[in-house]
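The values are calculated or read from the model by the stated rules, or taken from the named source; none is laboratory data. Remember, predicted model here, so these are calculated numbers, not experimental data. Methodologically, a virtual Cβ is constructed for each residue, glycine included, from the backbone with ideal geometry; neighbour enumeration extends over all protein chains shown. Just the protein is used for accessible areas: all its heavy atoms, side chains included, with ligands, DNA and RNA removed. Shrake-Rupley method; radii C 1.70, N 1.55, O 1.52, S 1.80 Å.
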Amino acid sequence: MATIGRLDSLGHFSFLFIHSYHNSYRVVLKYSEKNNIMNYNGIMHESWKSFLKSEFEKPYFKELSKFLHEEYENKTIFPRKGLVFRAFATDLNDVKVVILGQDPYHTPGAAEGLAFSVPNSQPIPPSLINIYKEIDSDIGHHANPGGSLSAWQKQGVLLLNTVLTVEAHKPKSHAGKGWETFTTATIEYLNNKRPHLVFILWGRDARNKKTLIDTSKHLILESAHPSPLSAYAGFFGSKPFSKCNEFLIKNKLKPIEW
């Protein structure tokens with residue numbers, strides 16, 4: 001892969017952006033204070049670079065980085081570092097749908113950096129089983145043979161959790177550490193930068209973000225979370241997939257093959 005490297009210094013952080021021919025880049029994020037280095041190495045699309053650089057230099061993210069360094073050094077944290085920002089491999093200019101989840105799966109091998117998605121080698125989690133059931137009820141059948149939702153990502157679906165990391169076997173263990181500020185900024189950025197988006201908000205944490213969205217140009221579809229604990233409280237029968245595609249078609253955008 002042909003690359004060009006450039007180093008930018010922003011406060012206490014250094015960012016090395018290595019550009020590739022396919023409009024993605026690898027970002028290496030290091031916090032420079034001794035014993036507070038969050039080594040992160042992952043691929044994001046070039047279109048997100050200015051947004052991510054801006055967020056990475058803010059005080060809240062510096063504190064989040066310190067926290068994550070200690071967590072990854074001393075505990076088992078999911079997903080692995082190289083997958084934390086995987087949702088941002090989606091080209092910003094191609095984003096049509098945003099599905100907002102809660103936090104990553106907390107069992108080994110499941111979290112892969114995309115909300116609700118697991119590697120095809122893993123059993124399909126109960127929440128995703130319920131998502132597939134709703135797709136089948138809503139539009140007839142789901143296209144995915146396994147648990148990976150990477151095919152949705154390739155079609156412009158941003159699969160973003162409200163909190164991007166979690167300690168093994170401890171759901172919501174990284175809530176209140178700064179990720180919510182980051183995902184709020186992401187939603188605000190999308191709201192301002194993109195036209196005709198569909199925001200699918202499942203569960204209380206996701207639904208709390210709806211005040212950030214301009215409903216004069218975007219569509220909000222909200223319901224209970226697809227977890228077995230809440231799916232019968234408004235998720236089943238909500239028909240988000242057909243409603244989403246109807247909105248996309250109305251705005252001359254290609255519908256999603258769910």
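Its Cα centre serving as origin, region 162-254 has a Cβ charge dipole (Lys and Arg +1, Asp and Glu -1) of approximately 260 debye. Projecting label points 7 angstrom from Cα along Cα→Cβ for residue 129 and residue 93 puts them 4.2 nm apart.
All other residues whose Cβ lies under 15 angstrom from that of residue 108 are scored, Lys and Arg at +1 and Asp and Glu at -1, for a net of +1. Considering only alpha-carbon pairs that sit under 8 angstrom and 6 or more positions apart, the relative contact order computed for region 83-242 is 29 percent.
Share of carbon and sulfur in the accessible area of region 126-252 stands at 52%, probe radius 1.4 Å.
Loop-located GluC sites (Glu not before Pro) in region 179-258 (DSSP state other than H, G, I, E, B) with a sparse environment of at most 13 neighbouring Cβ atoms within 10 Å: 257.
Compared with the alpha-carbon gap, the fully stretched path from residue 193 to residue 74 is longer by 39.0 nm at 0.36 nm per residue.
For residue 239 and residue 214, the difference between the fully extended length at 0.36 nm per residue and the C-alpha to C-alpha distance is 6.8 nm. Here the gap between residue 254 and residue 154, fully extended at 0.36 nm per residue and compared with their Cα-Cα distance, gives a gain of 34.8 nm. Sorted on the mean count of surrounding Cβ atoms within 10 Å across their residues, most packed first, peptides 163-173, 84-94, 69-79 read 84-94, 163-173, 69-79. Centroid-to-centroid, using Cα positions, region 44-67 and region 212-258 are 29 Å apart.
Annotation for residue 181 and residue 60: the two label points, set 7 Å from Cα along the Cα-Cβ direction, are 0.5 nm apart. Which pairs in the list 133/243; 66/177; 210/243; 53/252 are over 22 Å apart, alpha-carbon to alpha-carbon? 53/252, as the Cα separations exceed 22 Å there. What number comes out for the charge environment of residue 150, summing +1 per Lys or Arg and -1 per Asp or Glu over other residues with Cβ under 11 Å away? Residues near residue 150 contribute +1 overall.
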